[in-house]
Amino acid sequence: MAARLAVSLLLLIPLFFSTFSYAESASSKKESWLSIYSGGERIGYSYSSTAESNGFTEVAEKEKIRVKLLESVQEIETESEYRLKSDDIVTFSFDFKSPAGDLHGSGVRNGESLDMKIKTLSGESETHLLLNGDVIPPSMLPKWLAGRGLEPGREFRVAVLDPASIVMGADAGDLTAVHKVVGKERVDIPSLGMTDAWRIDTEMLSTRYTTWITDDGEMLKQEIFPGMIALRDTKENILSSGLSDWNVTEQTSIPSNVTIDNARGIKYMKVRIEGIGPDDGFDMADGYRQFSDGDILEIKSGDISGIAAYKLPYAGNNFKSYLSPDSSSQSGDAEIIAMSAKILDGETDALKAVSKINEWVFRNLKKEGTASFPNAKDVLKTRSGDCNEHAALFAALSRAAGIPTKTVSGTIYIDGRFYYHAWNEVYVGEWIAVDPTFGQFPADASHIKFVEGDFAESSRIMNLVGKINLKILEVS
């Protein structure tokens, strides 16, 4: 299976590629459209509108992307609506539509509290965020910046309310973006020709992207990583032509300089990592599985044969965060707890318990590309998904059993290339990598970890796409 970690890319597209529109009069509505391209092919579009109605500002956003995940071609749509009063958000709604399952969210701002209800296949849940200061819809951002004075070198901070990011586990701090005005540049917009525009460099959710806007805050162009851009377009042009497939798995993969015949069996790998700078925020060494010296990284798969496992549940106080539920792995849910107990069937040895849970997830989940929000409760019902779904369900079942468990993101070697991937690590007396997508415990040494944390953290992987090279120096 060409495992991938592309869901975070898909879910962040609505945030980055939303456009700005404004009402020209009390009764008018202005629309704005962007075509989204990858590798020169148009793979989707983004639309937004803003209008005044009965004293409120009504903002609508819609995005559509056509993607190829493994062997499955899927069209993904997101729609968001916001109601504002004097530029303050009053209510909002969010819909994510995918063949893998739909999601609906709705929310209201009560003072400094943002209260959101989320409905998925497995039922409803609630989340609450405490905000501090202004929060605006994504499509209002260019106007917000333009209204505060665009001068080279100026920086602005503002929270952007993106419901998809909240569903992924983002907290209030994650919503705050930093925008730096670089200066004016000439940009080529097919629908307009060469145009002067302000370049804005932004960092949000540890991800960087660049936007070009007009003096009055209309978006003309945006880039989120090499080869993927959005350009202002006309409604007629967008709706009159079809979309190409965005092959996420292949276009984000990294070629290998060495062919490994038995990648799932390797115990040690030494690689040189090129393209990661000191400001990128990736600390590759973890002290137990990955060890770095400059740009050289050594990965050891680990050995469980000599581990003296503890009796479940883990009784220490040092890994509480890895035993607690999160937005993707609801280990406190009654059905998750019941399934974990059923799988273990009375087993209390930590090592044997991990093996049982890993084997159950590997055997019982259908391997297929899935554009969705990883959610263990949903996965328990659908019994299908890619690496993200496997990792989310494994983490939930393992934590429910009292085993400290991490979700991690990085790359894995498959058939001559490194693909973005998600798997887990468990504490069984020491930290050991486990990959339920491939049924591995311990996971082989071609798993290179870049990020630890929930699926909101995995968005940092976007900063590596098209930027890094991995050169294998030694493997055994």
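Please tell me if Ala146 is of a type in the set (Gly, Ala, Ser) and out of contact with any helix residue (DSSP H, G or I) (no Cβ under 8 Å at 6 or more places or on another chain).
yes
Here is a list of conditions, (1) in a helix (DSSP H, G or I); (2) closer than 19 Å to Pro278 by Cα, and Gly466 meets all of them except one; can you say which number that is?
Condition not satisfied by Gly466: (1).
State all residues of the stretch 267-298 that are buried (at least 16 other Cβ atoms within 10 Å of the Cβ), under 15 Å from Asn469 (Cα atoms) and of a type in the set (Lys, Arg); if no residue qualifies, say none.
Residue satisfying the conditions is Lys270 alone.
For the condition modelled with pLDDT of 90 or more and of a type in the set (Gly, Ala, Ser), what is the one hit in Gly277, Gly265, Gly227?
Gly265
With respect to Ala422, is the statement that it is in contact with a His (Cβ under 7 Å, 6 or more places away or on another chain) and part of a strand (DSSP E or B) true?
Answer is no for this residue.
One line per residue, one yes/no per condition, for (1) surrounded by fewer than 15 Cβ atoms within 10 Å (Cβ to Cβ); (2) within 19 Å of Gly169 (Cα to Cα):
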| residue | (1), (2) |
| --- | --- |
| Ser331 | no, yes |
| Ala338 | yes, no |
| Lys352 | yes, no |
| Asn358 | no, no |
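For the stretch 270-293, check the following and say yes or no: at least one residue is part of a helix (DSSP H, G or I), without any contact (Cβ under 8 Å) to a residue 60 or more places away in the chain and closer than 29 Å to Gly169 by Cα.
No, every residue in the stretch 270-293 fails to be part of a helix (DSSP H, G or I), without any contact (Cβ under 8 Å) to a residue 60 or more places away in the chain and closer than 29 Å to Gly169 by Cα.
Determine whether Ile343 is within 29 Å of Ser305 (Cβ to Cβ), at pLDDT 95 or above and crowded, with 24+ Cβ neighbours inside 10 Å.
In short, no.
Here's the yes/no breakdown for (1) crowded, with 16+ Cβ neighbours inside 10 Å; (2) among the aromatic types (Phe, Trp, Tyr); (3) in contact (Cβ under 8 Å) with a residue 24 or more places away in the chain:
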{"residue": "Lys29", "(1), (2), (3)": "yes, no, no"}
{"residue": "Trp33", "(1), (2), (3)": "yes, yes, yes"}
{"residue": "Gly39", "(1), (2), (3)": "no, no, yes"}
{"residue": "Ser49", "(1), (2), (3)": "yes, no, yes"}
{"residue": "Gly55", "(1), (2), (3)": "no, no, yes"}
{"residue": "Glu63", "(1), (2), (3)": "yes, no, yes"}
{"residue": "Val67", "(1), (2), (3)": "yes, no, yes"}
{"residue": "Glu71", "(1), (2), (3)": "no, no, yes"}
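Are there strands (runs of 3 or more DSSP E) fully within the stretch 188-235 with at least 2 residues that are exposed (fewer than 15 other Cβ atoms within 10 Å of the Cβ)? List them.
Ranges flagged: 193-204.
For Ser327, indicate whether it is surrounded by 15 or more Cβ atoms within 10 Å (Cβ to Cβ) and in contact (Cβ under 8 Å) with a residue 60 or more places away in the chain.
Criteria met by Ser327.
The values are calculated or read from the model by the stated rules, or taken from the named source; none is laboratory data. Because the structure is a prediction, the values reported are computed rather than measured. Backbone-built Cβ (ideal geometry, glycine too); neighbour counts: all protein chains shown.
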